[in-house]
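Only the coordinates and a few stated rules stand behind these numbers; no lab work does. Source: prediction; values computed, not measured. Methodologically, a virtual Cβ is constructed for each residue, glycine included, from the backbone with ideal geometry; neighbour enumeration extends over all protein chains shown.
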C-alpha cells in the first residue's frame with residue numbers, strides 16, 4: 001500500500017493546485033483499476049501445493065498480508081500488530097498477517113464508512129463485519145465479492161457448518177443461491193428470563209407458580225405484603241411485555257417481524273394479536289394493571305429508570321435479559337443489600353406452553369465478506385475457514401493456548417492462573433496484555449462457560465447467573481428463534497409500506513387496552529381495524545418467504 | 001434620551017429594565033451552567049450513585065476512578081496529540097493559502113479575477129458529493145494520511161470571501177505608498193497589509209481551528225490507522241457506544257459487558273473540552289470583533 005515519497009509529494013502539490021483553484025475538477029473516470037497487482041495465479045499455485053499437507057494449519061509459508069475492515073468496540077480496543085501477541089501468533093500459526101482497519105462500532109460510524117467504500121469500489125481485502133447483509137448480497141451477485149460456495153473444497157469447517165446449520169444457506173445466500181457472507185454464529189442464544197426477587201420468595205415462604213393464574217396470586221400476595229414497592233416493573237413499553245409473554249400464552253408476537261410469528265403447531269406465519277389467546281393475555285395484563293400489580297408507568301419506563309428502581313431494590317419482578325442478573329446482583333452485593341434476583345420458571349399458559357424465544361443462532365449483519373479482487377483467494381477462504389475451525393475458534397475466543405488458557409480434563413477451556421479474574425484481580429488481561437481482538441471471534445461465546453474459577457480459588461459469592469441459565473435450560477424454556485427469512489425487493493417494499501403502519505397502530509392501542517382507556521370489549525373491533533391495514537397481505541408475504549426457506 | 005421625556009420615570013423604567021435583564025441573564029446562566037455542573041459532578045461520582053439518579057449539583061461518593069480509567073487509556077493521549085497536530089498544521093495551511101488567494105482576489109486589476117471569483121463562489125452551492133471526493137482522495141494516494149484532512153479544506157470559501165472583503169476595505173493609498181518606496185507585491189502584503197489585519201487573522205484562526213478541532217466525518221472516512229484518529233472519533237466511540245435502544249432488543253442482544261458507565265463518558269467529555277474551555281475566554285474578544293469586521297466595512 002505504501003507509495004514512494006517523491007510521488008506522494010508530487011501528488012500533494014497536485015492536489016494543492018486542484019483544490020485551491022478548481023475544486024470542482026471531479027472526474028468519474030475511476031474505472032481503470034490499478035489497485036492491486038495481479039499476483040493471483042502464482043499464489044494460487046502455492047496454495048494448491050499446501051493443500052496436500054492438510055494437517056498443517058499453516059496456510060502459506062511466506063507471510064500473506066490482508067487488509068481487514070473491522071468494527072471496534074471501545075471496551076475492547078484494537079491493538080497494533082506490533083504490540084499484539086495475539087495477531088502475531090495468528091501469523092505464526094497460519095501465515096496470514098492481518099492489517100486491521102479498526103472503525104468505531106459506535107452509532108452509524110462503521111456503516112457510513114463501509115457504505116462509502118462499497119459505493120466507491122474501494123473495497124478492503126476482507127470486510128470482517130458485513131453490517132448490511134442485504135446490500136452486500138445485492139453487490140455480491142455483480143461479482144464484487146468472493147463466494148464461499150465456490151471454494152467449499154478448500155474449506156472443510158465451513159462446509160461442515162453449511163451442513164449442521166442449514167440457516168446459513170437458507171437465510172444468508174444471495175439471490176443467485178451462493179453464500180457470500182459467513183455470518184457470526186452464537187451458541188449463547190438465551191435472551192430474556194422471568195426475573196424475581198429470590199430473597200423475598202424465600203423470606204415469605206412463597207412457591208414458584210406453575211400457571212399464570214397462580215402467578216397472578218403470587219404477585220397479588222407480594223403486592224399486599226410490599227405495597228410501597230413496584231411488584232412488576234417493565235421497560236421498553238407494552239410491546240416488550242406482549243413480546244415476551246405471548247409464547248407462553250399460546251400465541252406469539254415477534255418485534256423483529258412486526259408482531260408476526262411462526263405458529264409451530266400449524267407451521268405457518270400469523271399475526272399474534274388476532275389470536276384468541278392473545279386477547280386473554282391482554283385481559284390478564286389489564287387485571288394486573290388495574291390492581292396496581294403491574295407498574296402504573298410500565299409503558300414509559302426508560303432503561304435508566306428501570307435500572308434505578310432495580311438497583312434500589314424497589315422492584316420485585318421483571319422480564320429482562322439474563323445478563324442483567326449479574327449486574328443487578330453485584331450492585332446488591334457491593335452495597336451490602338440482602339436483595340438478590342434470579343430466574344423463575346416461566347408459568348404455563350392456557351395451552352400448556354411456557355418459554356421465551358431465543359436469539360437466532362445465526363446473527364445478521366455481522367459476517368465476514370471477502371473482496372473478489374483479493375490477491376490470494378484460496379489463502380483468504382482457507383483463513384476464514386480456520387476462523388470457524390475448532391482451533392481458530394478457541395484462539396479467537398480465549399487467546400493463546402498455554403498462555404492465556406488451557407484445556408482441562410473435561411475438555412473445557414480454562415483460564416491460566418496468571419489471568420485476571422475474581423480471585424486474581426491484578427492478573428493479566430486478554431485485550432491489554434495480549435492484544436486480543438474482540439470482534440475476531442465469530443462465535444458469540446458464552447463467557448460463563450469458560451472456567452474462570454480455578455481449583456484453589458475462593459468460591460464466588462454469587463453465581464445466580466449460571467444458576468439461572470441452567471434453570472432455563474433444564475426447564476426447556478429457551479424456545480428456538482423463528483427462522484430468518486429472505487425477501488425479494490418487491491416483498492421488502494410491501495413489508496416496509498404496511499408493517500410500520502400495523503406496528504404503530506398496535507403500539508398505540510395495546511397500552512390503551514391494558515390501561516383501560518379503551519375498553520377491552522372493543523378488542524374485536526380493534527382486530528378488524530388492524531386487519532384493514534393489510535395484515536393478510538403481510539402474512540402472505542411471510543408465508544411465501546417461509547416456504548422458500550423450507551424449500552431450499 | 002428622548003427629548004421631553006420625564007426623567008424620573010425614565011430612570012425608574014431603566015432600573016426596572018436592568019433588573020429584568022439581570023433576572024433573565026441569571027436564568028440563562030443557571031440554564032447553561034447546570035448541565036455543565038452536572039457533567040462535572042457525575043464524572044466525579046460513584047457510578048452506583050449515578051445509576052440511582054442521586055447526582056445533581058454536587059458529586060455523590062466522590063472518587064476519581066472515572067478519570068483514572070479515561071486517562072490511563074493510551075488512545076486518549078494519542079488522539080489528543082493527533083487533533084492538536086491536525087489543528088495546528090491545518091490552520092497554518094489554511095491561513096497561508098486563504099490569505100494568498102484573498103489578497104490576490106481583492107485586487108481589481110487581477111487578470112481573470114471575475115472568473116476565479118465566480119468559480120470559487122460556485123463551490124458554496126455545489127459540490128461533487130462524498131463518494132467522488134472519496135475516490136479522488138483515494139486515487140491521489142491520500143487515504144490514511146493527515147493531508148486528506150487538511151488539503152481538501154485548505155481554503156474555506158466563506159472565510160475566503162470574508163477575508164477578501166476585509167482586504168478590499170483597506171485604503172489602497174498605503175499600499176501605493178509602499179510600492180512607491182520600492183516594495184514588491186509580496187512585500188506589500190507581508191510588511192504593510194498583514195500587520196493591519198490582525199483582527200481578521202484572529203478570527204480566521206479561530207474559525208479554522210475550531211473547524212479542524214471538531215471535524216469528525218472526514219477522519220472517519222479517510223483514516224484507516226487507529227493511531228491517526230483524532231479526539232472526535234475517540235469521543236464519539238465512548239459517548240455513543242452502549243446506548244441501548246429498542247433496536248438492539250429487537251435482535252435480542254444486550255451484552256452488559258459492552259455498556260459503558262456514565263461516569264466514564266462524562267469524564268471523557270471533561271478531559272476533551274477542558275483545553276477549549278481554557279482558551280475560549282481569551283480569544284473571545286477577538287472573535288466578536290472579527291465577526292463584526294466581516295459584516296460591516298469601513
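One table, with the values for the structure above:
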{"read-out": "Within a Gaussian network of chain B (alpha carbon springs, distance under 10 Å), most fluctuating of B:180, B:150, B:192", "value": "B:180"}
{"read-out": "Gyration tensor verdict on chain B (Cα atoms; rounded if a/c is under 1.5, prolate if a/b is larger than b/c, oblate otherwise)", "value": "oblate"}
{"read-out": "For region A:272-337 versus region A:183-220, the gap between their alpha-carbon centres in whole angstrom", "value": "11"}
{"read-out": "Fluctuation leader among B:51, B:163, B:204 - chain B, Gaussian network, Cα springs under 10 angstrom", "value": "B:51"}
{"read-out": "FRET efficiency estimate (nearest 0.05) - Cβ-Cβ, residue A:187 to residue A:463, R0 22 angstrom", "value": "0.65"}
{"read-out": "Segment residue B:54-residue B:187, extension gain: residue separation times 0.36 nm, minus the distance between their alpha carbons", "value": "41.5 nm"}
{"read-out": "Extension gain (nm, one decimal) between residue A:520 and residue A:264, 0.36 nm per residue minus Cα-Cα", "value": "89.4 nm"}
{"read-out": "Residue exposure sequence - A:76, A:66, B:57 - by fewest surrounding Cβ within 10 Å", "value": "B:57, A:76, A:66"}
{"read-out": "Region A:339-485: C-alpha gyration tensor shape, a/c 1.5 cut-off, then a/b vs b/c", "value": "oblate"}
{"read-out": "Sorted by Cβ density within 10 Å, fewest first, the residues A:65, A:308", "value": "A:65, A:308"}
{"read-out": "Spacing of the two label points (7 Å from each Cα toward its C-beta) at residue A:88 and residue B:113, in nm", "value": "6.4"}
{"read-out": "Inter-chain shielding of A:182-191 (mean C-beta neighbours from other protein chains, 10 Å cut-off)", "value": "1"}
{"read-out": "Gain upon complete extension [residue A:211, residue A:453; 0.36 nm per residue less C-alpha separation]", "value": "83.4 nm"}
{"read-out": "Gaussian network model of chain B, springs between alpha carbon atoms under 10 Å - residue of B:161, B:27, B:270 with greatest fluctuation", "value": "B:27"}
{"read-out": "Cβ-based exposure ranking for B:228, B:68, in which fewest neighbours within 10 Å come first", "value": "B:68, B:228"}
{"read-out": "Region B:172-239 and region B:117-165: distance between their alpha carbon centers, rounded to Å", "value": "14"}
{"read-out": "FRET efficiency for residue B:276 and residue B:69, using Cβ-Cβ distance with R0 set to 22 Å, rounded to 0.05", "value": "0.50"}
{"read-out": "DSSP bridge orientation in the protein assembly as shown - percent antiparallel, rounded to nearest 5", "value": "50"}
{"read-out": "Cα-derived Rg to Rh of chain A, Kirkwood definition", "value": "1.01"}
{"read-out": "Inter-part distance where region B:6-65 and region A:62-129 are each reduced to a Cα centre, Å", "value": "45"}
{"read-out": "Computed Rg/Rh of region A:124-246, alpha carbon atoms with Kirkwood Rh", "value": "1.26"}
{"read-out": "Other protein chain Cβ atoms within 10 Å, averaged over every residue that makes up A:98-108", "value": "5"}
